[in-house]
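So the structure is just underneath, and the comments pick up after that.
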Amino acid sequence: MAGYIIPAEHAAMAGNFPPGTGYECVEITEFKDTGKLDKKGNSRYEVSLRFDNGGSTKVFGSLPYDEEGNLLPAVAAMSKKDQDAKIMGMVSAVKAICYSAGFTDEYMGENGVATDHLVGRSAYIAWLGRPDDTPQGVKAYGDVKDFITKAQYDKHIAAGDVPEDNRTFAWRDGGNATSSGGPTNPTNGAAASAPLPPPPPAGGARRGPLPPPPVRG
């Protein structure tokens, strides 16, 4: 029986871990509904990212919509003021990913956002790698600290910058830390509260022009 030949590029990629802390260009390989609701009745989504070395990570968040763009019952039952506050926070987290992938305010203002159109596009992140001092046998993972624009990425790379890692871990402070270094949820913490980045310059994404507006039905 003949054996198998594994292409060199696949052999190089398989089993690789994400890189250490730095600014990274990644490919969005999946943006999907997990089929679950969070504790407040919002839809949970999962974004899969692949690094150039073949390593991967995931980012999780929530949105107040169903797949047709309708407000979910828990959000629809809120007052207009509470609705607006919730929508602003959760949609801002997704827009940060969109800006990173080359979407502009003009495009999103006219067409909205179909998350399927993010798949296959490049995005740029401030990445916090697995801590070098993780004790043997302890699970610790990397985090997406922020999604950034291509222009911001280029500036950091040119300057030789490294993202500030302000995470805390139990093995560093005697067990009082609450962060375990899991994947960042972009709807919580600094990524959600920080101002949205400006849209990147034309042609910033490496995956080509913006897609046509979504078609439903």
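Just give me the residues in the range 33-72 being over 28 Å from Pro131 (Cβ atoms) and touching a residue at least 24 places away in the same chain (Cβ under 8 Å), in sequence order.
Asp33, Leu37, Lys40, Gly41, Asn42, Ser43, Leu63, Pro64, Glu67, Glu68, Gly69, Leu72
Just give me the residues in the range 30-81 being surrounded by 15 or more Cβ atoms within 10 Å (Cβ to Cβ) and hydroxyl-bearing (Ser, Thr, Tyr), in sequence order.
Correct list: Ser43, Tyr45, Ser48, Ser56, Thr57, Ser62, Tyr65.
Looking only at the range 105-137, how many residues end up being at positive phi and surrounded by 13 or more Cβ atoms within 10 Å (Cβ to Cβ)?
So the answer is 1.
Quick one: which helices (runs of 4 or more DSSP H) sit completely within the range 1-116 and have at least 3 residues that are of a type in the set (Asp, Glu)? It would help to see each step written out before you state the result.
Values: elements: 8-13, 73-76, 80-100, 105-111.
Helices (runs of 4 or more DSSP H) meeting the threshold: 105-111.
Exactly one of these conditions fails for Phe147: (1) in contact with a Gly (Cβ under 6 Å, 6 or more places away or on another chain); (2) at pLDDT 95 or above. Give me its number.
Here Phe147 clears every test but (1).
Looking only at the range 157-169, which residues are buried (at least 16 other Cβ atoms within 10 Å of the Cβ) and over 21 Å from the mean Cα position of the chain (by Cα)?
Scanning the range 157-169 gives a single hit, Phe169.
Identify the single condition in (1) at pLDDT 95 or above; (2) touching a Gly at 6+ places or on another chain (Cβ under 8 Å); (3) assigned to a loop (DSSP other than H, G, I, E, B) that Asp132 does not satisfy, given that it satisfies every other one.
(1)
Output the number of residues of the range 138-156 satisfying the condition of being surrounded by fewer than 19 Cβ atoms within 10 Å (Cβ to Cβ) and either under 15 Å from Ala123 (Cβ atoms) or free of Cβ contacts under 8 Å to residues at least 12 places away in the same chain (or both).
Residues that pass the stated criteria total 4.
Within the set of pairs 6 or more residues apart or between chains, which connect a residue that is under 19 Å from Ala151 (Cα atoms) and touching a residue at least 24 places away in the same chain (Cβ under 8 Å) inside the range 106-131 to a residue that is part of a loop (DSSP other than H, G, I, E, B) and among the hydroxyl-bearing types (Ser, Thr, Tyr) with Cβ atoms less than 7 Å apart?
Close Cβ pairs satisfying both conditions: Tyr124/Thr149; Trp127/Thr21.
The values are calculated or read from the model by the stated rules, or taken from the named source; none is laboratory data. Please read all numbers here as calculations on a predicted model, not as lab measurements. When we count neighbours, we look across all protein chains shown, and the Cβ atoms used for this are built from the backbone with ideal geometry, even at glycine.
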